[in-house]
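Chemist: Provided herewith is a single structure, encoded as structure tokens, for subsequent inquiry.
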Amino acid sequence: MDIDKGGPRVLLRHLREAMAASLGPQERLDKIVELIAQNMGAQVCSFYVLRDDAALELFATRGLKREAVHMTTLRLGEGLVGHIAAEAETLALQDAQNHPSFAYRAETGEDAFHAFLGVPVLRAGQILGVLVVQYIETREFAEDETEALLTTATLLAEMLLTAEFEMLIKPGADIDLRRPRAFEGLAIADGVALGHVVLHDPRVVIKNFVADDIPHEKNRLEQAIARMRVSIDDMFNSGDMQVSSEHREILESYRMFAHDRGWVRRLSEAVESGLTAEAAVERVQNDTRARMLRQSDPYIRDRLHDLDDLAHRLLRVVTDAGSLMDKGELPENAILVARNLGPAELLEYDRARLRGIVLEEGATTSHVSIVARSLGIVGVGQAQNIVSMCEDGDEIVVDGSAGLVHLRPPPDVEATYLEKLALSERRQEKYASLVEKDAVTKDGVRINLLHNSGLVADLHALDKTGAEGIGLFRTELQFMVASKLPRLAEQIELFREVMDFAGDRPVVFRLLDIGGDKVVPYLRSTSEENPAMGWRSLRLALDRPGLLRTQVRALLQAADGRALKILVPMVTETEEYCKCVGVIRREVARLGRSGQKTPETLEIGAMIEVPSILFELDELLAHTDFISIGSNDLIQFLTATDRANTRVANSYDPIATPRLRAIRMIVRAAEKHNIPLTMCGELAGRPLEALALLAIGMTKLSMGPSSIGPIKDMVLNCDLGPIAQDIQNVLDGKVPPTNIRDLLTGWSEKQNLPI
């Protein structure tokens, strides 16, 4: 039927009617391209869909030959249609045949047409297809015509995601948006998990795209922008944002974008073209995201995250959507996907159903990574742009050991990982059979295996792994997951619960280790160029004696007369360690004067993680009851490599000769002074690295619960003597320089060690 031209608003109304009509999927598409052609006075309207094999298939046309539908294809980048898809940009040409990218397809019969207007069909910045109108005569295109076609493309993008549309796809094929994708990220928590995507910040589902009342929609948009600006200003002016910080810088970016006139103008124009306020936000962000994704400038690409978050925030305001899903109602085998995640947010989810996490950001040593490892949740970080490429319910495989994520995995990949999972389960059964066995090498060296912990939730693993105690309890996790400073009573309750659960097994409580990469919002300090070497840990505690005294007081009262071990973190020199010990001793005396029970025994130790203390070990060990090595920071400072920087974090082997000599220096000093020594860093939980530690004389290792089984298995199968002799010869320079890792790998093969 003939339709009077009435601009995009009339077209959208007719398209909405076509979407609601009782038609088959191909009939509906045919009707849509006919409506577009008639409304725009075009002789041709064609719709191409990007398939998962990177081919653009003609799905519907009005004006080209009907037999070309589902037969004509163009490669990505081929022809004008392929060019639009590759660049995600609009193309308006007076005479298409003169363009260098023009590719003639005889079966379509398009040689009679000259003027050409094509726009990308986008979803979350990803190309779904291309929508084209063509004219017999040469002509120029007005801005409102381009706008009309872009607006129509927004509606088509939603149609592509419907179950009905899948009926048009050939067997064995799919649209590109749903093709399998692999992401190379950063391993943050070992293991393999298969499940379904749960978006931490679910997308707002837009149900109404076509505006019935344009002035009303403009008013909705303007009010939503105003409310969003106010909310950003409120956060910006809150107390903990008054000093310079990373969070403040992010909010400054938000505020800049929220007041950007160009962005607001584009939103308004999208509404005037006939879209609802929420559809306008979606449409503008799709266009912006597609352009920014194709920029080579890393600064511009980094700003994409800020603009994504802002658009999502505006969508929630304009639709009055809730902030987040109900975290207590996860599906079985849930894999949480997020831009970033705090430890407190992770703990809100049902851990019985949560199998893994995937983050666009996140590093091995981030807070959430530590919590994930404690809870046995598989994790991968640095999976770039995964949030925009997945939907709730998508199948996903997370390989936390290799740092790989497979979104919508093909059957062969899924089968491979199912086999890995089955093998892992068999290994777990083997490790379970070792629980009651002591960790003793074949040549009789007794090794103490302990847990690293920081949450009450992961204490139950003690019984499952057979660990001999907790070699490191990170007290800062309680502060990191809290919204405000934990009170004395809250700290006492936590520490008492830990001691009660451990019973006769030893627990080493490390004093508050915050600052640096462990940011606690309510204890925020001024911005530091190098926070890892700044106001953190023991330095912060000594500068905030009230904070230190409160924590020590909580530990002493929680002990209630029982034995207590306290570990002082990040000791740089003996004098500051002694200052901290003085605070602890005064609190013990105060407790005694008040008539309360003092600890049956009190042991105070130092954490060796700052290289300067290596040259004062004799002085330090004269004042300590025990020492522990924090290998994460020690290796970071020894190699001058930021452990959170993925470009350099893996540049230096932590068990190469220079680092292993430094660790051996500590081992020998501890032996000389008869001081117990424990390795608490990441090295202790990796079999090959743990073997290096055993070879230089370490016999107490503390690690994540999931590492106890593999390390014990290695220890039980190891004949340590000859390995230790070889390593000592290398470190002493008695043999030509040798790669330590290669040497240990050779020994593991010779002894058939499970590494």
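The values are calculated or read from the model by the stated rules, or taken from the named source; none is laboratory data. Keep in mind the model is a prediction, meaning the values are calculated, not measured. Glycine also receives a Cβ, built like all others from the backbone with ideal geometry; neighbour counts cover every protein chain displayed.
Chemist: If we scan the stretch 452-468, do we find a residue that is in a strand (DSSP E or B), assigned by TED's automatic domain parsing to the domain that holds residue 551 and surrounded by 14 or more Cβ atoms within 10 Å (Cβ to Cβ)?
Modeler: Yes, because at least one residue in the stretch 452-468 is in a strand (DSSP E or B), assigned by TED's automatic domain parsing to the domain that holds residue 551 and surrounded by 14 or more Cβ atoms within 10 Å (Cβ to Cβ).
Residue-wise test of (1) acidic (Asp, Glu); (2) in contact (Cβ under 8 Å) with a residue 40 or more places away in the chain.
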| position | (1), (2) |
| --- | --- |
| 456 | no, yes |
| 462 | no, yes |
| 466 | no, yes |
| 473 | no, no |
| 480 | no, yes |
| 490 | yes, no |
| 498 | no, yes |
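Chemist: Name, by its number, the condition in (1) more than 33 Å from the chain's Cα centre (by Cα); (2) closer than 30 Å to residue 456 by Cα; (3) in the same structural domain as residue 634 (by TED's automatic domain parsing); (4) not polar (S, T, N, Q) that does not hold for residue 700.
Modeler: Against the list (1) more than 33 Å from the chain's Cα centre (by Cα); (2) closer than 30 Å to residue 456 by Cα; (3) in the same structural domain as residue 634 (by TED's automatic domain parsing); (4) not polar (S, T, N, Q), residue 700 comes up short only on (1).
Chemist: Taking the stretch 212-230 as the region of interest, how many residues are in contact with a Lys or Arg (Cβ under 8 Å, 6 or more places away or on another chain) and either under 16 Å from residue 311 (Cα atoms) or at pLDDT below 85 (or both)?
Modeler: Here the count works out to 2.
Chemist: Follow-up question, since we're still on this one. Would you pick out the residues in the stretch 400-416 that are assigned to a strand (DSSP E or B), surrounded by fewer than 21 Cβ atoms within 10 Å (Cβ to Cβ) and touching a helix residue (DSSP H, G or I) at 6+ places or on another chain (Cβ under 8 Å)?
Modeler: Of everything in the stretch 400-416, just one residue is assigned to a strand (DSSP E or B), surrounded by fewer than 21 Cβ atoms within 10 Å (Cβ to Cβ) and touching a helix residue (DSSP H, G or I) at 6+ places or on another chain (Cβ under 8 Å), namely 406.
Chemist: Could you identify the single residue in 383, 372, 422 that is touching a Phe, Trp or Tyr at 6+ places or on another chain (Cβ under 6 Å), within 20 Å of residue 196 (Cβ to Cβ) and not β-branched (Val, Ile, Thr)?
Modeler: Going through 383, 372, 422 in turn, the sole match is 383.
Chemist: Would you pick out the residues in the stretch 32-50 that are part of a helix (DSSP H, G or I) and either β-branched (Val, Ile, Thr) or under 17 Å from residue 68 (Cα atoms) (or both)?
Modeler: Scanning the stretch 32-50 gives 32, 33, 34, 36.
Chemist: I've got another one for you. Any residue in the stretch 400-408 that is modelled with pLDDT under 90, closer than 22 Å to residue 351 by Cα and outside the structural domain of residue 174 (by TED's automatic domain parsing)?
Modeler: Checking the stretch 400-408: at least one residue is modelled with pLDDT under 90, closer than 22 Å to residue 351 by Cα and outside the structural domain of residue 174 (by TED's automatic domain parsing).
Chemist: Yes or no: residue 128 touching a residue at least 12 places away in the same chain (Cβ under 8 Å) and touching a helix residue (DSSP H, G or I) at 6+ places or on another chain (Cβ under 7 Å)?
Modeler: Working: touching a residue at least 12 places away in the same chain (Cβ under 8 Å): yes; touching a helix residue (DSSP H, G or I) at 6+ places or on another chain (Cβ under 7 Å): yes.
So residue 128 fits the description; yes.
Chemist: Okay, moving on. So which pairs qualify, if the first residue must be in the stretch 615-630 and assigned by TED's automatic domain parsing to the domain that holds residue 674, the second must be at pLDDT 95 or above and of a type in the set (Ser, Thr, Tyr), the Cβ gap must be under 7 Å, and the two must be at least 6 apart or on different chains?
Modeler: Close Cβ pairs satisfying both conditions: 616/574; 619/574; 620/574; 620/577; 623/574; 623/577; 628/678.
Chemist: How do the pairs read when you match residues in the stretch 435-453 that are over 20 Å from residue 499 (Cβ atoms) with residues anywhere that are in a strand (DSSP E or B) and of a type in the set (D, E, K, R), using Cβ under 6 Å and keeping only pairs 6 or more apart or on different chains?
Modeler: 440/446
Chemist: Residues of the stretch 503-559 being at pLDDT 85 or above, crowded, with 17+ Cβ neighbours inside 10 Å and assigned to a loop (DSSP other than H, G, I, E, B), which ones?
Modeler: Listed by number, the residues that qualify are 511, 512.
Chemist: Follow-up question, since we're still on this one. Out of the residues in the stretch 342-365 that are touching a Gly at 6+ places or on another chain (Cβ under 7 Å) and closer than 24 Å to residue 633 by Cα, state the one that is surrounded by the fewest Cβ atoms within 10 Å (Cβ to Cβ).
Modeler: Once the filter is applied, the top-ranked residue is 361.
Chemist: Follow-up. Report whether or not residue 738 is over 26 Å from residue 630 (Cβ atoms) and hydroxyl-bearing (Ser, Thr, Tyr).
Modeler: yes
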